[in-house]
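Encoded as structure tokens, the structure appears first; notes follow it.
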Amino acid sequence: MAHDEHQMKRIVLPSGKTIEVVYFDHSSFEHPPVEPEPAAPAKEGERQLHVCINCDSKLVYPVQWEEADPKSWSVTLRCPDCEWTEAGVFPQDQCDRFDDQLESGTDALTRDYKRLVTANMSEEIDRFAAALRADAILPSDF
């Protein structure tokens, strides 16, 4: 493992023992995302299912879906911003593009979640280390 993939902090416990806390940069261990096969390009003037027709939010998601026939899907859509809903039957290609948008959004949420977890964990470690240095942690805390 290369030295630049992590950093280390030494903490002296009240007992005099020293511990080493290692911080890893998880992004250096992630594999590059595999790009899915893109859906066929949208037809001119075709509605984008992830965009709300009421408020233009780009956060529309499916609430329910089922195959209507071999080439189309019955989908109930919902906008979290204005609470608009619609049920309709949409062709497979349009649903494939919608699915691509949903997957892209899921990937973005996952990346943001991982960043938040890492930041929160780092803050918790710093607070714990500060409490140890201040001799504020007692055996009764465990």
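The values are calculated or read from the model by the stated rules, or taken from the named source; none is laboratory data. Everything quoted here is computed from the prediction, not taken from an experiment. Here the Cβ is made from the backbone with ideal geometry for all residues, glycine too, and neighbour counts use every protein chain on show. Quick note on the areas: whole protein, heavy atoms, side chains included, nothing else; ligands and nucleic acids left out. Shrake-Rupley method; radii C 1.70, N 1.55, O 1.52, S 1.80 Å.
The residues of region 90-120 that are surrounded by 12 or more Cβ atoms within 10 Å (Cβ to Cβ) and among the hydrophobic types (A, V, I, L, M, F, W, C), listed by number, are 90, 95, 98, 102. So in region 127-140, with the set limited to residues that are open to solvent by 60 Å² or more (accessible area, probe 1.4 Å) and modelled with pLDDT of 85 or more, which one is nearest to residue 58 (Cα to Cα)? Once the filter is applied, the top-ranked residue is 127.
When residue 81 is tested against (1) assigned to a helix (DSSP H, G or I); (2) among the acidic types (Asp, Glu); (3) open to solvent by 60 Å² or more (accessible area, probe 1.4 Å), only condition (1) is not met. Cβ-Cβ distances below 8 Å connect the following pairs, each with a first residue in region 105-121 that is among the polar types (S, T, N, Q), a second residue that is in a helix (DSSP H, G or I) and surrounded by 10 or more Cβ atoms within 10 Å (Cβ to Cβ), and a separation of six or more residues or different chains: 118/26. In this structure, residue 71 does satisfy being touching a helix residue (DSSP H, G or I) at 6+ places or on another chain (Cβ under 6 Å) and on the phi < 0 side of the Ramachandran plot. Among residues of region 45-73 that are outside any loop (DSSP other than H, G, I, E, B), those with a beta-carbon under 9 Å from a residue that is among the basic types (Lys, Arg) at least six positions away or on a different chain give the pairs 61/78; 62/78; 63/78. Of everything listed in (1) of a type outside the set (S, T, N, Q); (2) within 26 Å of the chain's Cα centre (by Cα); (3) at pLDDT 65 or above, the single unmet condition for residue 6 is (3).
Looking across region 45-68 at every residue that is open to solvent by less than 70 Å² (accessible area, probe 1.4 Å) and over 22 Å from the mean Cα position of the chain (by Cα), the one that is modelled with the lowest pLDDT is identified as 46.
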